[in-house]
Every structure is written in C-alpha cells, then in structure tokens.
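Q: Sharing a structure, written as structure tokens. Questions coming.
The values are calculated or read from the model by the stated rules, or taken from the named source; none is laboratory data. Keep in mind it's a predicted model, so treat the numbers as computed, not measured. Positions of Cβ are backbone-derived with ideal geometry, glycine not excepted, and every protein chain shown enters the neighbour counts. Ligands, DNA and RNA are stripped out before the accessible areas are found, and what is left, the full protein with its side chains, is counted by its heavy atoms. Shrake-Rupley method; radii C 1.70, N 1.55, O 1.52, S 1.80 Å.
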Amino acid sequence: MDLAKRGQGVALQRMVTAGFITERQADAAKAQPIKLTGITSYAYRAPYFSSYLIQQLINRYGEDTVMKGGLRIHSTLDLDLQLEAERLLKESIQKHGKRLNFSQGAIVVLDPKTGFIRAMVGGVDYKTSKFNRVIQAYRQPGSSFKPFVYLAAFNSGLLPWTPMVDEPVSFDAGAGQIWTPKNYDGKHSGPMPLRKALERSNNVIAVKLDRKSVV
C-alpha cells in the first residue's frame, strides 16, 4: 500500500507539471483511498494464432490503433479445430517425443480454397515457449509436399498398389538443364507399390509422378 500511495503521488505530480490537472485537483485525488483489486491475468485462447494476428494488425495499423482503438476483429480461426490441433500435438509429443527425441512441434491448418488459417499451434505450451514454430522456424518444407503429389496421382486414376520403379532417371528441367533426382540415402530400391513409395518418402518416384517427360 505504501508503494501504491507513493506511485499515486508521483503520477499526480507529473500530471500537474504537464498541465493536465491543477494542484487542488491533485490534492483532492491524493486524499482518495486506494482500492486494490488484486492481480488479474488474461490469457488468449489460441495464443500462438492470437499473438500472430495482433502483430499483423500492428504492422498494418499501428500499435495505438490496435491496442487502444476499440477494434472488433473477425479472424479466420475455427476454434473447435484449433482446440483439436492443440490436443493432437500434445498427445503426439507425449506419446512419441521421448522415443524420437523431440519435445516441441507445430501444426497449421489452411483452407485450401481460400488460404485462410483455420488453426495454428506453434508449440506445446505458450507460457513455456512463445516461439511460434509455424512462422518463426524457417525450414524448407521437404517431403511435406509429397502427399499432395500422391493425392493428385490417385485422383488421376492410379491406385495405392500401382507399381512404379525407383531407378536412376533424368528430367528436362528447361533452359537446357538436366535434373537427376536422388533419394536421401543415394540408393535405388527398384519396383514398389505407390503406397510403399509414399511410406518410404521416396524422392525419385514422387518426382516421376509429378513430371511427365523423361529424358
């Protein structure tokens, strides 16, 4: 209470100095009892998404407008999907984290028709780590594109058990360039069903599905 009273006096005197209030008004305010309401805390729901959204708004409209402007903001977030994503990430890390030597992860769910963010989980616990692994961990997407390639292949008539050969191949990359894709281990495994190729994250077969002209 002593510190609160002292802080009150400092603030009021600065208001007098700045010309916002008179000495009489300051004295009247100092005479009023201080009512302490206790410490309250507020936590955003979907904190990784919320903090990302707020930063985007600040970049566009400025901090004063966002924090003090009384804005009503409508986002693209699907809260049910968000809560499910948070649950799945925690469950996955609890189940597999120790065995696979990882303690964090990330999930982002996008609407393929609009690009809207429906869910964003940048880590297991925002209070422990505010580092958003969805937007701040700059890593190449790697094999995350492969399921889309296979889905397109299946939609075109191929089946999970359709055989394809993992073999040395080269493709016309345009501008007179020849591209020879390689697997992660540098080896080739011969014929296998597409299901097995996807399971193994085979590079050559994924590229063969994507490209039509073999040199």
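Q: Output the residue which, of all residues in region 61-90 that are closer than 19 Å to GLN136 by Cβ and outside any loop (DSSP other than H, G, I, E, B), is most open to solvent (accessible area, probe 1.4 Å).
A: Among them, the one singled out is GLU86.
Q: Every residue in region 99-111 that is modelled with pLDDT of 90 or more and either of a type outside the set (Gly, Ala, Ser) or out of contact with any helix residue (DSSP H, G or I) (no Cβ under 7 Å at 6 or more places or on another chain) (or both), please.
A: Passing the criteria: GLN104, ALA106, ILE107, VAL108, VAL109, LEU110, ASP111.
Q: Do any residues in region 1-17 that are within 15 Å of GLN32 (Cβ to Cβ) have Cβ atoms under 9 Å from those of residues that are loosely packed, with under 11 Cβ neighbours inside 10 Å, where the two are at least six apart or on different chains, and which pairs are they?
A: Between residues of region 1-17 that are within 15 Å of GLN32 (Cβ to Cβ) and residues that are loosely packed, with under 11 Cβ neighbours inside 10 Å, the close pairs are MET1/ILE34; MET1/LEU36; ALA4/ILE34; ALA4/LEU36; LYS5/ILE34; GLN8/GLN32; GLN8/ILE34.
Q: Then there is this: From the list LYS98, LYS130, LYS146, which one is out of contact with any Asp or Glu (no Cβ under 9 Å at 6 or more places or on another chain), touching a residue at least 60 places away in the same chain (Cβ under 8 Å) and in a helix (DSSP H, G or I)?
A: It is LYS146.
Q: Next question, about the same structure. ALA173 is checked against (1) free of Cβ contacts under 8 Å to residues at least 24 places away in the same chain; (2) part of a loop (DSSP other than H, G, I, E, B); (3) more than 12 Å from ALA206 (Cα to Cα); (4) open to solvent by less than 80 Å² (accessible area, probe 1.4 Å) and fails just one. What number does that condition carry?
A: It fails just one condition, (2).
Q: Still on this structure, I have one more. Please tell me if PHE116 is in contact (Cβ under 8 Å) with a residue 40 or more places away in the chain, under 30 Å from ASP210 (Cβ atoms) and open to solvent by 60 Å² or more (accessible area, probe 1.4 Å).
A: Yes: the conditions hold for PHE116.
Q: Select from region 43-60 the residues that are in a helix (DSSP H, G or I) and either open to solvent by less than 100 Å² (accessible area, probe 1.4 Å) or in contact (Cβ under 8 Å) with a residue 24 or more places away in the chain (or both) and list them in ascending order.
A: Correct list: PRO47, TYR48, PHE49, SER50, SER51, TYR52, LEU53, ILE54, GLN55, GLN56, LEU57, ILE58.
Q: Just to be sure, is ARG118 closer than 19 Å to TYR52 by Cα and part of a loop (DSSP other than H, G, I, E, B)?
A: So ARG118 fails the test.
Residue-by-condition table, conditions (1) open to solvent by less than 60 Å² (accessible area, probe 1.4 Å); (2) in contact with a helix residue (DSSP H, G or I) (Cβ under 6 Å, 6 or more places away or on another chain); (3) at positive phi:
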site	(1), (2), (3)
ALA137	yes, no, no
PRO147	no, no, no
TYR150	yes, yes, no
LEU159	no, no, no
MET164	yes, yes, no
ILE178	no, no, no
ASN183	yes, yes, no
LEU198	no, yes, no
